[in-house]
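A.B. asks: First the structure, which I've put down as structure tokens, then a few questions once you've had a look.
The values are calculated or read from the model by the stated rules, or taken from the named source; none is laboratory data. A quick note: this is a predicted structure, and the numbers were derived from the prediction, not measured. Using ideal geometry, Cβ is built from the backbone for each residue, glycine included, and neighbour counts are taken over all protein chains shown. These area figures cover heavy atoms from the full protein model, side chains too; ligands, DNA and RNA do not enter into them. Shrake-Rupley method; radii C 1.70, N 1.55, O 1.52, S 1.80 Å.
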Amino acid sequence: MRDTKELELMLRGYGLTTAEILYRMPDHPGVLQTYLWQDYDLAPKFPVLTSFLDFWRAKLEGPLHSIRYTHKKLISPSEWRMVDGEILLN
């Protein structure tokens with residue numbers, strides 16, 4: 001079931017986004033920790049990543065230091081086409 005959802009997202013233009021989030025430890029502000037986040041998202045506005053970061057700021061105590069991200073569409077229009085017919089070989 002998950003594969004079907006992912007394929008539908010890719011066909012609607014979503015790509016795989018990976019973010020490396022550096023944040024400060026609440027008890028030790030001089031120490032940076034790394035968190036890797038990955039999900040399907042739409043470039044260039046990245047609504048899913050933005051929503052996650054809003055959640056982070058509202059609910060988690062570790063203040064954000066920096067975020068690096070990459071985005072890759074896994075299916076492009078030239079790689080996917082609709083087939084109208086079918087050929088049966090006996």
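A.B. asks: Could you work out how far apart the two model spin labels at LEU16 and TYR69 are, taking each label as a point 7 Å from the Cα in the direction of the beta carbon, and quote it in nm?
C.D. replies: Modelled inter-label distance: 1.7 nm.
A.B. asks: For segment 9-25, just list the computed ³J(HN,Hα) in residue order, Karplus coefficients 6.51, -1.76 and 1.60, θ = phi - 60°, integers in Hz, with x standing in for Gly and Pro.
C.D. replies: My calculation for segment 9-25 gives 4, 5, 5, 8, x, 6, x, 7, 10, 10, 10, 9, 10, 9, 9, 8, 5 Hz in order.
A.B. asks: Which of the lysines could a cross-linker bridge to LYS5, judged by Cα under 26 Å and excluding same-chain residues fewer than eight apart?
C.D. replies: LYS45, LYS72, LYS73
A.B. asks: Would you mind working out the accessible area per residue for the chain, using a 1.4 Å probe, and quoting it in Å²?
C.D. replies: 83 Å²
A.B. asks: Something else: Sort 51-58, 12-19 by the packing proxy (mean of other Cβ within 10 Å over each peptide's residues), most packed first.
C.D. replies: 12-19, 51-58
A.B. asks: Let me ask something else about it. Summing -39500 (n - 2.57) over the DSSP H runs of n ≥ 4 in the chain and dividing by its residue number, what mean residue ellipticity at 222 nm do you reach, to the nearest 500 deg cm²/dmol?
C.D. replies: -8000 deg cm²/dmol
A.B. asks: Okay, moving on. Of [x] 8.8; [y] 6.8; [z] 6.3, which one was derived for mean projected area of the Cα convex hull in nm² from the structure shown?
C.D. replies: Read-out from the structure maps to [x].
A.B. asks: Considering only protein heavy atoms and a probe of 1.4 Å, how much of the accessible area of the chain is carbon and sulfur, as a whole percent?
C.D. replies: 55 percent
A.B. asks: Could you work out the local net charge near THR70, counting Lys and Arg as +1, Asp and Glu as -1, over the other residues with Cβ closer than 14 Å to its Cβ?
C.D. replies: Cβ neighbours under 14 Å give a net charge of 0.
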